[in-house]
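Okay, structure first, notes after.
What follows is calculated from the coordinates using simple rules that are stated; it is not laboratory data. In this text the structure is predicted, and so the values were computed from the model without any measurement. Ideal geometry is used to build each Cβ from the backbone, glycine not excepted, and the neighbour counts take in all protein chains shown.
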Protein chains: 2
Amino acid sequence: MNPLVAIDALVGELRYDDRGLIPAVVQSADDHSVLMVAWISAASLEATIAQGRTVFWSRSRQELWAKGATSGDVQEVVEILVDCDADTLLIKVHQHGGGACHTGSWSCFDRSLAEVESQ
Amino acid sequence: MNPLVAIDALVGELRYDDRGLIPAVVQSADDHSVLMVAWISAASLEATIAQGRTVFWSRSRQELWAKGATSGDVQEVVEILVDCDADTLLIKVHQHGGGACHTGSWSCFDRSLAEVESQ
C-alpha cells in the first residue's frame, strides 16, 4: 500500500467530537457502494495516511483497529475527503478480499428498512 | 413524493445513541456520490418514511429539519438501508435542485484531505 499525501492545514481543521472521534464513511472507489461507517481518532487518521489503508478506532475495544489485519480484507485508500463542517470524513478505497462486513457481506448496509412501493 | 413501505421489525431494532440519534449517510441513487451525513431521531425517521423525503434532526437548532424545505433542494427517498449493527442508516435519494450542500456544492464532501501521490 502506498502512503498518502495529506493537506496538513485541512487535517488541523478537523472537528473531533467530545470523545476525540470523527465518523468516517467508507465507499468503494470501484463499484461506488457505501461499505461501512466507522470512527477515527487523530492517531488512527495518522496511521491511515501513513499506511495507505484504513485504521479505525474501535469504541468497543478502545484501541486502534487495523481493518482487515486478521481477515486480509484490507481497504486500500485512494482518497480521503472532508465535508463542509469538517466533522465527517469520506474515505474512498479499493476493498480487498471478500468485503467490508464481518457478516461476510460486501457492504455492511445489506438490509432494506424501507423503500418506495413498486408501482 | 411517494411514502415508503417500511419493515417495522427492522425499524424497531434500530439502536439510537444516548441522545436518541442515529447517523444517516445520504447517497445519490443517480450518480452514486455520497452527498452528506446527518442525524436522524425516531420522529424524523417516521417523517422521512411518511413523506418520502429526508427529514433530519438538527443538533444545532434542536428541531426537525425538513431538508430542502426552503431551498427546494429536497431529497426524494428511494430506499433506506440499515447496517449490520443497526446503528447507522444509508439513505438512497434522488437529489433535486442544485445539490445537497449549503455551500452550493452537489456533495458536502468536496475537499480532498489526502490522496495517493500521482506516480
Return a yes/no flag: does the range A:3-12 have any residue that is surrounded by fewer than 17 Cβ atoms within 10 Å (Cβ to Cβ), in a strand (DSSP E or B) and within 12 Å of chain B (Cβ to nearest Cβ).
yes
So, in the range B:29-53, of the ones that are touching a residue at least 24 places away in the same chain (Cβ under 8 Å) and part of a strand (DSSP E or B), which residue ends up surrounded by the most Cβ atoms within 10 Å (Cβ to Cβ)?
B:Met36
On the given criteria, is A:Glu115 in a strand (DSSP E or B), more than 14 Å from the chain's Cα centre (by Cα), facing another protein chain (nearest Cβ under 9 Å) and acidic (Asp, Glu)?
yes
Top-ranked residue of the range B:82-92 - restricted to ones that are within 11 Å of the chain's Cα centre (by Cα) and not charged (D, E, K, R), ranked as farthest from the other protein chains (Cβ to nearest Cβ)
B:Ile91
Of all residues in the range A:17-28, how many are in contact (Cβ under 8 Å) with a residue 40 or more places away in the chain and surrounded by 15 or more Cβ atoms within 10 Å (Cβ to Cβ)?
7
Output the residues belonging to the range A:67-76 that are touching a residue at least 24 places away in the same chain (Cβ under 8 Å) and either touching a Ser or Thr at 6+ places or on another chain (Cβ under 6 Å) or more than 11 Å from chain B (Cβ to nearest Cβ) (or both).
A:Lys67, A:Gly68, A:Ser71, A:Gly72, A:Asp73, A:Val74, A:Gln75
Counting only residues in the range A:94-104 that are buried (at least 17 other Cβ atoms within 10 Å of the Cβ) and closer than 16 Å to B:Thr88 by Cβ, the one farthest from the other protein chains (Cβ to nearest Cβ) is identified as A:Ala100
(1) farther than 30 Å from B:Thr48 by Cβ; (2) part of a strand (DSSP E or B); (3) touching a residue at least 24 places away in the same chain (Cβ under 8 Å): which one isn't true of A:Leu64, the others all being true?
(3)
Looking at the structure I just gave you, is A:Leu90 without any contact (Cβ under 8 Å) to a residue 40 or more places away in the chain and either on the phi < 0 side of the Ramachandran plot or assigned to a loop (DSSP other than H, G, I, E, B) (or both)?
no
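If I ask for residues that are in contact with a strand residue (DSSP E or B) (Cβ under 8 Å, 6 or more places away or on another chain) and either more than 7 Å from chain B (Cβ to nearest Cβ) or farther than 20 Å from B:Ser107 by Cα (or both), which ones from the range A:20-35 would you list?
Keep residues of the range A:20-35 that are in contact with a strand residue (DSSP E or B) (Cβ under 8 Å, 6 or more places away or on another chain), which gives A:21-30, A:33-35.
A:Leu21, A:Ile22, A:Ala24, A:Val26, A:Ser28, A:Ala29, A:Asp30, A:Ser33, A:Leu35, listed by residue number.
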How many residues are over 15 Å from B:Lys67 (Cβ atoms) and under 12 Å from the mean Cα position of the chain (by Cα) if we restrict to the range B:95-112?
0
